[in-house]
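Below: one structure, written as structure tokens.
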Amino acid sequence: MTLTLLLYAEPLAAEGLTRLLEADLPDCQVRVAGRSSEGPLPQLVLWQPEVGMEPLSVLLECQRLQERWQPAPVLLLLSRGHRLSRQQVLALPALGVLEAPGSERLLAAIATLRAGGRVLDLVDGPVAADDPAPGIGLGLGQWLLLSGLQQIDAERSLCQRLIQGEAGPLTRLVLEGRLRELALARQVLLWLWGPVSLAWGGDPANPGQAPGGAGLPGSSALTLSQRSAASIWGTIEARLQAAVESGVANGSGQLLAIEGLTPQRRADLLLALMQQLTLLRQRLLDDPTLQASLTEHWQRLQPELRRQALRAMASPYVQLPLAGDLQPVADTLLRSSNLEGAVDDLPDPEPLLSALVQGRPVLVDGQLVAPDEPRAVLHLEQLVSNWLLRSAEQIAAEVLACCSGWPELRRYLLRPELLATRNLERLRNQLNAQARWSEWFERPVELYESRRTLLCLKAGQVQPVTLTEPRDAELRQLGWLPQMVTLALETRDAIGPQLQRLVKGLGDLVVVLLTQVIGRAIGLVGRGVLQGMGRSLGKG
């Protein structure tokens, strides 16, 4: 079948693209816009905007091409000097977006669009040269806040690279302690400068992220073979599986229970959860009666899903000695673990399920977008990644508790450093203390500020991503101690401006006293002394 392609580009670029497409796609008929007005309707529109074109002009022209040549998809080729931010690129209506593509990427994208899919392939690298530098357009205090966060992030990255290298046990402990100190310093900095960050309008917890954006988790290459819910889930599943298999390091700045597992068991647990989630989605898809109340069935099936993931991770065929007898590891862990409770701090699963099961639109950054748009796919990937890591955390915490009373199990599931009882108990105590601190102080602050922290797999690391969403219902369900924390925050916000005015008034009063009262008195005394000395000299 012949492909009719309409090309919009500058003359030299159009000539090169025409030769490339005609050489590598024999069944492709290329028409260059402006050269011929007659011909069949195009099946694909290829547009390469001029370098330095204004972002708004790119958006409007892309919308015009999409509306004019519909249903032909638009493939947008961006040069390296383009002025669009990542969020602006994600908002483009084109079904295909390639940044500085080579011939292989271009041909693969054309094949995907011909099959009814969608392509997003951006170059991961430093920001463009025309992006505003940190501090431009900000006040002194805001610039200091941004600078401090960037310094903390730079040192965290250095510590994480050293941990991933060939660091000894003692060096690793020191670096992990330093990471916890940096995380605490970051939280204190954000807490002190909370009103400033709200006035700034961005997200100080993610200084490299544009205001209101969801960021790009992991790789910026996204390909959908079809625009259906099944294709969306297949893409998300493949990306997360690749991220897990490449290694999962802790870059969240807090202790994680899955760190206690060996890298292989950690990967097995995450992959087992992914497999169980795939089966659960298929079960909801096959039974139309379950789709009437997706959230209810999701919550009801979660404990069984976690039990099956734990069984797959521990292997149902492995037996280890316990009190002189061989015991099956998986069955013993299931009997000793409590996986019935809900996973803490998970968002409402209804948007995720309705998009992945029924293909409904997703609310992203206040806009209702189709589930196959890049912004929606990346947002859904964040939600799935957060569920994956939070569920793994609950299972890993139960495994650590079981290993405390089963020494032989430690060699099978835990890292070599945790073979010692003291190290294992220290880790469990630190995890319990962190959980209590989060429940009593950190979570009330997040609820009051309408923030939610997601744990996402990004570039082989577990990293936090902050979303802003209403959490008033959860705020009203807090106990008395967390309520006191929110009351203290409200009191600080209410009294803070008055205290600033009081301090400013006292400062003005001190200035008046020093200049008008004490200064004049000193001047009068000095003048009297000089007059007295003059008279004494005159008499002499």
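The residues listed here are Leu418, Leu454; of these, the one that is outside any helix (DSSP H, G or I), open to solvent by less than 40 Å² (accessible area, probe 1.4 Å) and at pLDDT 90 or above is Leu454. Scanning the range 444-493 for residues being more than 17 Å from Leu383 (Cβ to Cβ), touching a strand residue (DSSP E or B) at 6+ places or on another chain (Cβ under 6 Å) and among the aliphatic types (A, V, I, L, M) gives a total of 0.
Put simply, of Pro101, Pro71 the only residue that is closer than 26 Å to Ser225 by Cβ, open to solvent by 40 Å² or more (accessible area, probe 1.4 Å) and modelled with pLDDT under 85 is Pro101.
Residue-by-condition table, conditions (1) farther than 19 Å from Pro374 by Cβ; (2) in contact (Cβ under 8 Å) with a residue 12 or more places away in the chain; (3) among the β-branched types (Val, Ile, Thr):
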| site | (1), (2), (3) |
| --- | --- |
| Tyr8 | yes, yes, no |
| Val58 | no, yes, yes |
| Arg64 | yes, no, no |
| Pro73 | no, yes, no |
| Leu84 | no, yes, no |
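Please state which of the following conditions Thr4 fails to meet, knowing it meets all the rest: (1) touching a Pro at 6+ places or on another chain (Cβ under 6 Å); (2) surrounded by fewer than 20 Cβ atoms within 10 Å (Cβ to Cβ); (3) under 22 Å from Val377 (Cα atoms). Going through the list (1) touching a Pro at 6+ places or on another chain (Cβ under 6 Å); (2) surrounded by fewer than 20 Cβ atoms within 10 Å (Cβ to Cβ); (3) under 22 Å from Val377 (Cα atoms), Thr4 breaks only (3). Selection of first residues in the range 153-169 that are outside any helix (DSSP H, G or I) and of second residues that are not acidic (Asp, Glu), restricted to Cβ pairs under 8 Å at least 6 apart or on distinct chains, gives the following pairs, ordered by first then second residue: Ala167/Leu175. Residues in the range 268-327 that are of a type in the set (S, T, N, Q), open to solvent by 20 Å² or more (accessible area, probe 1.4 Å) and within 25 Å of the chain's Cα centre (by Cα): Gln275, Gln276, Thr278, Thr295, Gln299.
Pairs meeting the criteria (first residue in the range 106-118 and farther than 11 Å from Gln43 by Cα, second residue of a type outside the set (A, V, I, L, M) and part of a helix (DSSP H, G or I), beta carbons under 7 Å, at least 6 apart or on different chains) are Leu107/Asp24. From the residues in the range 460-494 that are aliphatic (A, V, I, L, M) and within 19 Å of the chain's Cα centre (by Cα), which one is most open to solvent (accessible area, probe 1.4 Å)? Within the range 460-494, the match that is most open to solvent (accessible area, probe 1.4 Å) is Leu467. When the range 364-377 is filtered for residues that are open to solvent by 10 Å² or more (accessible area, probe 1.4 Å) and either closer than 17 Å to Leu346 by Cα or part of a helix (DSSP H, G or I) (or both), the ones remaining, listed by number, are Pro374, Arg375.
Among the residues that make up the range 147-166, is at least one of them more than 23 Å from Gln434 (Cα to Cα), crowded, with 17+ Cβ neighbours inside 10 Å and either among the charged types (D, E, K, R) or modelled with pLDDT of 50 or more (or both)? Within the range 147-166, one or more residues are more than 23 Å from Gln434 (Cα to Cα), crowded, with 17+ Cβ neighbours inside 10 Å and either among the charged types (D, E, K, R) or modelled with pLDDT of 50 or more (or both).
All conditions but one from (1) modelled with pLDDT under 85; (2) out of contact with any strand residue (DSSP E or B) (no Cβ under 8 Å at 6 or more places or on another chain) apply to His82; the one that does not is (2).
Tell me, please, whether a residue that is open to solvent by 30 Å² or more (accessible area, probe 1.4 Å) and under 25 Å from Asp348 (Cβ atoms) can be found in the range 381-392. Yes, the conditions are met somewhere in the range 381-392. Could we say that Leu333 is more than 20 Å from Leu279 (Cβ to Cβ), open to solvent by less than 60 Å² (accessible area, probe 1.4 Å) and modelled with pLDDT of 90 or more here? So Leu333 passes the test. Please name all residue pairs, on different chains or six or more residues apart, with Cβ atoms under 9 Å, provided the first residue is in the range 420-437 and is of a type in the set (A, V, I, L, M) and the second residue is surrounded by 13 or more Cβ atoms within 10 Å (Cβ to Cβ) and not in a helix (DSSP H, G or I). Filtered contacts from the range 420-437: Leu424/Leu414; Leu427/Leu255; Leu431/Leu255; Leu431/Leu256. Across the range 85-95, the qualifying residues are those that are modelled with pLDDT under 85 and of a type outside the set (Ser, Thr, Tyr), and the one among them that is least open to solvent (accessible area, probe 1.4 Å) is Gln87. In the range 244-267, of all residues being at pLDDT below 90 and among the small types (Gly, Ala, Ser), the one that is most open to solvent (accessible area, probe 1.4 Å) corresponds to Ser246.
The values are calculated or read from the model by the stated rules, or taken from the named source; none is laboratory data. Predicted model, so just to flag it, every value in this text is computed and none were measured. Ideal geometry is used to build each Cβ from the backbone, glycine not excepted, and the neighbour counts take in all protein chains shown. All accessible areas refer to the heavy atoms of the entire protein, side chains included, with ligands and DNA or RNA removed. Shrake-Rupley method; radii C 1.70, N 1.55, O 1.52, S 1.80 Å.
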